[in-house]
Amino acid sequence: MALIVQKYGGTSVGSIEKIRSVAERVVELYKEGNQMVVVLSAMAGQTDHLIKLAQEMTNDPDPRELDVLLATGEQASVALFAMAVKSMGYEASSLLGFQVAIHTSRLFGKARIHDVETRRIKEELDKKRIVAVAGFQGLDRRGNITTLGRGGSDTTAVALAAALNADVCEILTDVKGVYTTDPSICPKARKMDRISYDEMLEMASLGAKVLQIRSVEFAKKFNVPIHVRSTFSKERGTMVVAETEDMEKVLVSGVAFDKNEARITIKKVPDRPGIAAKIFQPLFKAGIIVDMIVQNTSEDGKTDLTFTVPKSEFRKTLSMVTQQAEEIQAEKVLGDENITKISIVGVGMRSHAGVAQKMFEVLARENINIMMISTSEIKISCVIDQKYTELAVRVIHTAFGLDDDQGEES
Ligand code: ADP
Ligand code: ASP
Ligand code: MG
């Protein structure tokens, strides 16, 4: 008998029929003698729909009330799922974040899990019930409902698996596992058998939304292996696990891309101490996460400063920076929302030179201009014009030997 935590994403519970078949799959495992804790997302499109409603109500929805609203999506899913299980003649109990309880920070909309209580879930399991837990939500110290950021149900599942010391943590979704790149834009993407936590962390933070970044951080911290697999088949998926030596043999494991950043350039910034601090301070204060930053060498004491921010913060950032630019007497501020950050990831890069060069050459061959570059030990990212995203992903994928028909090694 095992304690299994499973999480089903939005498309997996997108209709009454789908919720019913998820319930059947869970009951099957329960009948084999396993204890089942099932984390559910809101039905497909529901979270977007709720966000739209809030925006129709007001331009600037109150973050606390927005979280109360968004949490209802997952509430509906767990209730319907528990009904489905009961209608099949088995015992089930739905629990919301605050009932579990999942304690989080107070940052509405992107709260972080601090602690997960297990008493209530264990009581329900002892009563031989299948436990359905609403993903994506928790409560802060004052009892306010919080949500964990888009894709947050993954993190709920991993946090529960860690707290309950579960035998298995499965993330069930609409693809068969973690692929070398997003299979929806690259038909030659290959499903990986395994990927290390660090590579998965990079892939997730560079745009592969198959797992929320926080869920991978949690898994790494508490050493929870994650099995990412399909809701619609029994096939084995991808294991996200600690790094093993043989993983270094592969130079590049995956290609990720992110269309959700925007670029801001401040032209002719006076090149003197304290200027960068002055420009970025209001952004940090407003909680805007600045990603890549490039500053040119100065000419006549003036330099250009370029950086990227999430597209959702673009307008706000632009107006803040325009004000700062005037104060420091920079020439002008330019903005560009039509960019993509394209990245290659692989632990094998640590010990090999020339990987970046190859990526630049491949893009040059297609006449794709690189606007910005950043590197770390296990990743290289380039900012390019958004219209070349798919082409760039495909040619890089092929160049590094990742195509499905190219075998394992690159
Ligand atoms: P869920 O609703 O189950 O949480 P998501 O939509 O959040 O599912 O994540 C699954 C999606 O992630 C896939 O449909 C796929 O398009 C996308 N994706 C992006 N990069 C990858 C990748 N490298 N491997 C697998 N899926 C990826
Ligand atoms: N329903 C939330 C979202 O759409 C959380 C999740 O699906 O993981 O982002
Ligand atoms: Mg998701």
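The values are calculated or read from the model by the stated rules, or taken from the named source; none is laboratory data. Predicted model, so just to flag it, every value in this text is computed and none were measured. Cβ: placed from backbone, ideal geometry, glycine included. Neighbour counts: every protein chain shown.
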| field | Count - residues of the range 107-136 that are under 28 Å from the mean Cα position of the chain (by Cα), more than 14 Å from ligand 2 (Cβ to nearest atom) and modelled with pLDDT of 95 or more | value | 11
| request: For the range 238-251, name all the residues that are of a type in the set (A, V, I, L, M) and modelled with pLDDT of 95 or more. | output: Met239, Val240, Val241, Ala242
| task | Filter the range 1-29 down to residues that are buried (at least 20 other Cβ atoms within 10 Å of the Cβ) and away from ligand 2 (no atom under 16 Å from the Cβ) and give me whichever is nearest to Lys86 (Cα to Cα). | result | Ala23
| remark: In the set Glu202, Glu235, the lone residue that is farther than 25 Å from Val22 by Cβ, at pLDDT 95 or above and either more than 16 Å from ligand 2 (Cβ to nearest atom) or part of a loop (DSSP other than H, G, I, E, B) (or both) is Glu202
| message | Just to check your reading of the model, which residue among Arg142, Arg129 is out of contact with any Asp or Glu (no Cβ under 8 Å at 6 or more places or on another chain) and either more than 25 Å from Tyr90 (Cβ to Cβ) or more than 16 Å from ligand 1 (Cβ to nearest atom) (or both)? | response | Arg142
| query | Where in the range 29-112 are there helices (runs of 4 or more DSSP H), lying fully within it, with 3 or more residues that are within 16 Å of ligand 1 (Cβ to nearest atom)? | reply | 46-57, 63-87
| task | For the range 239-273, enumerate the residues that are surrounded by 23 or more Cβ atoms within 10 Å (Cβ to Cβ), assigned to a loop (DSSP other than H, G, I, E, B) and either touching a helix residue (DSSP H, G or I) at 6+ places or on another chain (Cβ under 6 Å) or among the aromatic types (Phe, Trp, Tyr) (or both). | result | Ser253
| Pairs, please: C-beta under 6 Å, at least 6 apart or cross-chain, first residue within 17 Å of Val68 (Cα to Cα) and in the range 149-170, second among the hydroxyl-bearing types (Ser, Thr, Tyr) and within 11 Å of ligand 3 (Cβ to nearest atom)? | Ser153/Ser41
| request: Filter the range 138-182 down to residues that are in a loop (DSSP other than H, G, I, E, B) and crowded, with 22+ Cβ neighbours inside 10 Å, then give me how many there are. | output: 6
| Can you pull out the residues in the range 1-28 that are away from ligand 3 (no atom under 16 Å from the Cβ), assigned to a helix (DSSP H, G or I) and of a type in the set (A, V, I, L, M)? | Ile16, Ile19, Ala23, Val26, Val27
| remark: Of (1) more than 10 Å from ligand 1 (Cβ to nearest atom); (2) touching a residue at least 40 places away in the same chain (Cβ under 8 Å); (3) within 14 Å of the chain's Cα centre (by Cα), Ser205 satisfies every one except (2)
| request: Can you give me the number of residues within the range 177-201 that are closer than 22 Å to Gly10 by Cα and under 17 Å from the mean Cα position of the chain (by Cα)? | output: 9
| request: Could you tell me which of the residues Ser215, Ser196 is buried (at least 20 other Cβ atoms within 10 Å of the Cβ), among the polar types (S, T, N, Q) and within 16 Å of ligand 2 (Cβ to nearest atom)? | output: Ser215
| task | Please enumerate the residues belonging to the range 284-319 that are part of a strand (DSSP E or B) and of a type in the set (S, T, N, Q). | result | Gln295, Thr303, Thr306, Thr308
